[in-house]
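Asks: Structure below; questions to follow.
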Amino acid sequence: ECLNQAALVFGAQAMTDTAMCALIMQLWFVFRAALHGPRSPRQIRWTKATILAAPYVALLAFSLPALGVRAGRLTVSQMDFYCMLVDKPTFLISQYTVLVSILIVTLIFDCMLTLTVLLP
């Protein structure tokens, strides 16, 4: 039970960051469509499906590998009410690499959104 909870806690950060990136992308697509006309229905369906699925894919991508951790690598936080993974530098390095990449993509789309709104 504690391992399942720790795996979900581990994947929640990736899910949150991916959802933030998806929100910025959705705003950019909306403003772009308002200024340049709508896209084809096929593109709209593909974009919506990708934006809706991306956070859940990120959650699974980080939670499933965390389920393979041995019970000795878990700790119960004294200040919080949940279990978490400890001493897994490989997981942390991979998680932070992906999260920084998502942040960079988010910033790029945020800049594109700003330029789209300010310079039509």
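The values are calculated or read from the model by the stated rules, or taken from the named source; none is laboratory data. Because the structure is predicted, anything quoted here is derived from the model rather than measured. Cβ placement follows ideal geometry from the backbone for every residue including glycine, while neighbour counts extend to all protein chains displayed. Heads up: the accessible areas ignore ligands, DNA and RNA and are worked out on the full protein's heavy atoms, side chains in. Shrake-Rupley method; radii C 1.70, N 1.55, O 1.52, S 1.80 Å.
Asks: Show me 37-47, 4-14 ranked by packing, highest mean number of other Cβ atoms within 10 Å first. Before the final figure, lay out each step's value.
Replies: Values: 37-47: 10.5, 4-14: 18.8.
Per-residue Cβ counts within 10 Å, averaged per peptide and sorted highest first, yield 4-14, 37-47.
Asks: Using a 1.4 angstrom probe with every protein chain in place, what is the largest-first accessible-area order of Asp17, Asp110? Mind showing how you got there, number by number?
Replies: Details: Asp17 30, Asp110 65 Å².
These residues rank, largest area first, as Asp110, Asp17.
Asks: At 1.4 Å probe size, with no ligands or nucleic acids counted, give the accessible surface of Cys2 in Å², nearest ten.
Replies: Result for Cys2: roughly 40 Å² accessible.
Asks: Further question: Can you give me the accessible area per residue for the stretch 1-66, using a 1.4 Å probe, in Å²? Numbers along the way, then the final one.
Replies: Numbers: 4180 Å² over 66 residues.
I get 63 Å² per residue for this part.
Asks: Sticking with this structure for a sec: In whole Å, what is the distance between the alpha-carbon centres of the stretch 14-60 and the stretch 96-120?
Replies: One Cα centre to the other: 13 Å.
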